[in-house]
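S.K.: Mind having a look at this structure? Questions to follow.
The values are calculated or read from the model by the stated rules, or taken from the named source; none is laboratory data. Computed from a predicted model, the values in this text were never measured in an experiment. Positions of Cβ are generated from backbone atoms using ideal geometry, with glycine treated the same way; all protein chains shown enter the neighbour counts. Areas reflect the complete protein model, heavy atoms only, side chains present, ligands, DNA and RNA absent. Shrake-Rupley method; radii C 1.70, N 1.55, O 1.52, S 1.80 Å.
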Amino acid sequence: MRNDETFEIFLTVAPGLEQALLDEARELGFAAPKAVPGGVTVQGGWSEVWRANLSLRGAARVLARIGEFRAFHLAQLDKRARKFPWGEVLRADVPVRVEVATNRKSKIYHAGAAAQRVEKAIAETLGAPITRDAAEAALTVKLRIEDNLCVFSVDTSGEGLHKRGHKSAVGKAPMRENLAALFLRECGYTGSEPVVDPMCGSGTFVIEAAEIAAGMLPGRNRHFAFEQLVSFDPASWENMKQQGVARAVDQVFRGSDRNAGAVEMAAANAERAGVAENTRFLQAAVSDLQRPDGPPGLVIVNPPYGARIGNKKLLFALYGALGQVLKERFSGWRVGIVTSDTALAKATQLPFLPFGPPVAHGGLKIRLYKTDPLP
């Protein structure tokens, strides 16, 4: 694969958020964006792979499709994998892990046996070290066999893109940064209005909102797996990172939590992210929540669901109190609540718009419940 060659790039996302990620990919000018189950496909070369990792807030991972062929049995997979141009993508000195997903629609349905054939092909034709330990592998090659078509991708992200590189502290049930960014987008947030989170935990919503307002690139503080590929050009990459210019922001983004440890954690995370000047965190119960001075904006909150944290009966009172405070003090503000339980959301007695699709998150199905500006 030449550095100027165009191929399919697959941006993964939690099922249920494909449309929101599609909107972001369009907004950032990626070519031929198309929503598919579990993500969005775009077209581009290696520089677009870098840009996707650096600039997309909503994607979970960026996979580069590096080739495909048909195989109807393991011997054929073995033979064709040995002819595959691994050296155009992978380096001989970088450890590789192989992951295979297949199903009964294909003649090759034993994923472990298929993985062994591909591992052997890479090791014997390229000489790259093979490992099955995710911690040791600098790169992961993914093979999906569907209807006897073997599609090879390389994971260009490494650690999931929700790991922005500046959050060392998280709470008990953290909202992933990429999900927070997409929920903010689905609430109509563009960076030009204040945001309040009255149960802020480690500060994810508040920090993401502040970064969006400042025009900060989400991947600015971390490394990516693509830096270990043959196609990587350090000088071009440094130049791309310099293109992100942070804007001055006159908004303040506020979070509060009844837990003093959470407030300290959120403030420390904001400091590392470089948004401490535009964020404020304080210890307060929901009942103490006050509307900030200035124009209306967005209240967005990820309350406990009861599935992992707390007693569910007590949660109905908490959600009811939250709804009461918002109706009394936040006229003109929009509200977004993320929860796994429709009954809890309804306990707020807020005028929710029609619900969006459920979103897979940590073994649960969560959903965004949002309102128009409150009366």
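S.K.: Of the numbered conditions (1) closer than 18 Å to Glu48 by Cα; (2) buried (at least 21 other Cβ atoms within 10 Å of the Cβ), Gly244 satisfies every one except a single condition; which is it?
M.R.: (2)
S.K.: Does any residue of region 295-311 turn out to be free of Cβ contacts under 8 Å to residues at least 24 places away in the same chain, surrounded by 14 or more Cβ atoms within 10 Å (Cβ to Cβ) and not in a strand (DSSP E or B)?
M.R.: Yes, the conditions are met somewhere in region 295-311.
S.K.: Could you please tell me which pairs satisfy a Cβ distance under 7 Å, a separation of 6+ or placement on different chains, a first residue in region 346-361 that is without any contact (Cβ under 8 Å) to a residue 24 or more places away in the chain, and a second residue that is surrounded by fewer than 15 Cβ atoms within 10 Å (Cβ to Cβ)?
M.R.: From residues that are without any contact (Cβ under 8 Å) to a residue 24 or more places away in the chain, the pairs are Leu353/Asp372.
S.K.: Check off (1) over 24 Å from the mean Cα position of the chain (by Cα); (2) within 30 Å of Val154 (Cβ to Cβ) for Leu289 and give me the number that stays unchecked.
M.R.: Of the numbered conditions (1) over 24 Å from the mean Cα position of the chain (by Cα); (2) within 30 Å of Val154 (Cβ to Cβ), the odd one out for Leu289 is (2).
S.K.: Another question about this same structure. Identify, please: which residue in region 249-263 is open to solvent by 70 Å² or more (accessible area, probe 1.4 Å) and either closer than 30 Å to Val96 by Cα or in contact (Cβ under 8 Å) with a residue 12 or more places away in the chain (or both) and is, among those, nearest to the chain's Cα centre (by Cα)?
M.R.: Among those that are open to solvent by 70 Å² or more (accessible area, probe 1.4 Å) and either closer than 30 Å to Val96 by Cα or in contact (Cβ under 8 Å) with a residue 12 or more places away in the chain (or both), it is Arg254.
S.K.: Provide a single number: the residues in region 328-357 that are among the β-branched types (Val, Ile, Thr) and either assigned to a loop (DSSP other than H, G, I, E, B) or open to solvent by 50 Å² or more (accessible area, probe 1.4 Å) (or both).
M.R.: So the answer is 1.
S.K.: Of all residues in region 136-193 being among the aliphatic types (A, V, I, L, M) and open to solvent by 30 Å² or more (accessible area, probe 1.4 Å), which is farthest from Ser340 (Cα to Cα)?
M.R.: This residue is Leu149.
S.K.: Among the residues of region 262-291, write down those that are in a strand (DSSP E or B) and farther than 10 Å from Cys200 by Cβ.
M.R.: Of the residues in region 262-291, the ones in a strand (DSSP E or B) are 279-283.
Correct list: Arg280, Gln283.
S.K.: Look at region 14-46 and say how many of its residues are surrounded by fewer than 17 Cβ atoms within 10 Å (Cβ to Cβ) and without any contact (Cβ under 8 Å) to a residue 12 or more places away in the chain.
M.R.: Number of matching residues: 4.
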